[in-house]
Structure formats: C-alpha cells, structure tokens
1. Name every residue in segment 159-183 that is at pLDDT below 90 and acidic (Asp, Glu), in order of residue number.
2. Looking at segment 160-182, is at least one residue crowded, with 18+ Cβ neighbours inside 10 Å and not in a helix (DSSP H, G or I)?
3. Which residues, taken from segment 192-232, are of a type in the set (Gly, Ala, Ser), in a helix (DSSP H, G or I) and either modelled with pLDDT under 80 or loosely packed, with under 14 Cβ neighbours inside 10 Å (or both)?
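The values are calculated or read from the model by the stated rules, or taken from the named source; none is laboratory data. This is a predicted model, so every value here is computed, not measured. Cβ placement follows ideal geometry from the backbone for every residue including glycine, while neighbour counts extend to all protein chains displayed.
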Amino acid sequence: GKTLLAKAVANESEANFISVKGPEILSKWVGESERAIREIFKKAKQASPCIIFFDEIDSICSTRGMETGARVGERVLNQLLTEMDGLEELHNVVVIAATNRPDLLDPALLRPGRFDRFLLVPVPDEEARYEILKVHTRNMPLSEDVDLKKLAKDTENYVGADLEALCREAGMMALREALAEGNIENKKITLKHFKKAMEKVKPSATKELNDVYRRFLKKQELRETEKLSYMA
C-alpha cells in the first residue's frame, strides 16, 4: 500500500521515480553505504523533477546510540541528513519514505525541513480487502463456492501483501492437487484451498501495531501544535 501510494504520487506529478529499499544501502565495506546515499541524490538531481522513495527506512535510520560495532546505520543517517538539508538545496527533488516502525526512527529525521509530514496508511477495511481480492483473483479459475465478500470478512488485519500471498498460496495448492490428479485443464480453486492457505498465511498487522502507529501520529501532531503556538 505504501509503495503503491508513492508510485501514484510520482505518476500524478509526472516526476521521475527512484525507489530504494533500505537494507540494500548497507554494505560491509567502510564508506560504501554513505557513497550509495550520495549517488542516489546525485541521480535525483540530474533527473529532476524527481521523487526518491526510501522503503523500510527504519533499517538505515534508527535512533542513534542503539548500534554497536561499526555503526554503519549512524553514518548512513548522518549522510542522509546532510543530503536532505545540507549546503546544497534540493531543487525539484522530493524525498518520501515508508516504514512499519516509525517509533524506531531517529528524532533528527523528523524535524521540519526533513520528514515533516506524516501519513498513516491504515490496514484495509472489509470493503478494501474485497477489492484487493478481486484484483488478485481476476485471472484465477475460482470455484462457485468461493465467495470473495465472505473471504474479505474472514481476513481481518490482512494487508495487501498478505492477501496477495493468500491468493498465491491457494492457487499453488490447487495446482499441486491438479498435478497429482493429472487434471490441470479443469482444476479450479475452491474455498477449501483458501481455508488451508489461511492456515499458512497469517495477517501481518495487529491491534497492538496499529496502536503504535496512532500514538506516533498523535505525538507528531502534538509537536506541530506546540510549534505553531510558540511561533504565534
């Protein structure tokens, strides 16, 4: 959901899009991770207007002081902060990031001029899950006993990736059965396959995690209110 939202922003704004997965930045060689950050921003400036999207940014920008050893994450964070608001201004370059653990991010990253706007991408509700299931099953030979609306109701706390994995697993189960029976042509995916798939594919979202997100947003909104009051 978060990645698709970032791509939609780039598409609507007709800007170039650079997607970076946080863990891919990290290198065991000293200085390579920081160089990778510099190269990303260099490419973005050359291709402006451009959007840089950091996925799983908590993997490279966690709170300083938590690491031991070489502290690669701290060096990467410092380099990222330098690129975002250093001596050289970013013209027509927008930085967006996604994380499942906003509570782990270093506070310096959340100051004005850096990441100062926050958007919670909530867990899909029942209607949204139904639409997601329709997308992932549109090319699948479903049996008549598969009721996607009922399936959407039974998949509370499943996010988009979970539902995609659920449909894929149900399809693989049906395929394995068809191969064993020697009847691939007429095999359909039944409710039984989805029920078995749900035993393997569990929801990745929990009520506790959703509460963490809401507390984080409330904390940031409170900081913004205090800042405006101080300026007034």
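1. 181
2. Within segment 160-182, not a single residue is crowded, with 18+ Cβ neighbours inside 10 Å and not in a helix (DSSP H, G or I).
3. 229
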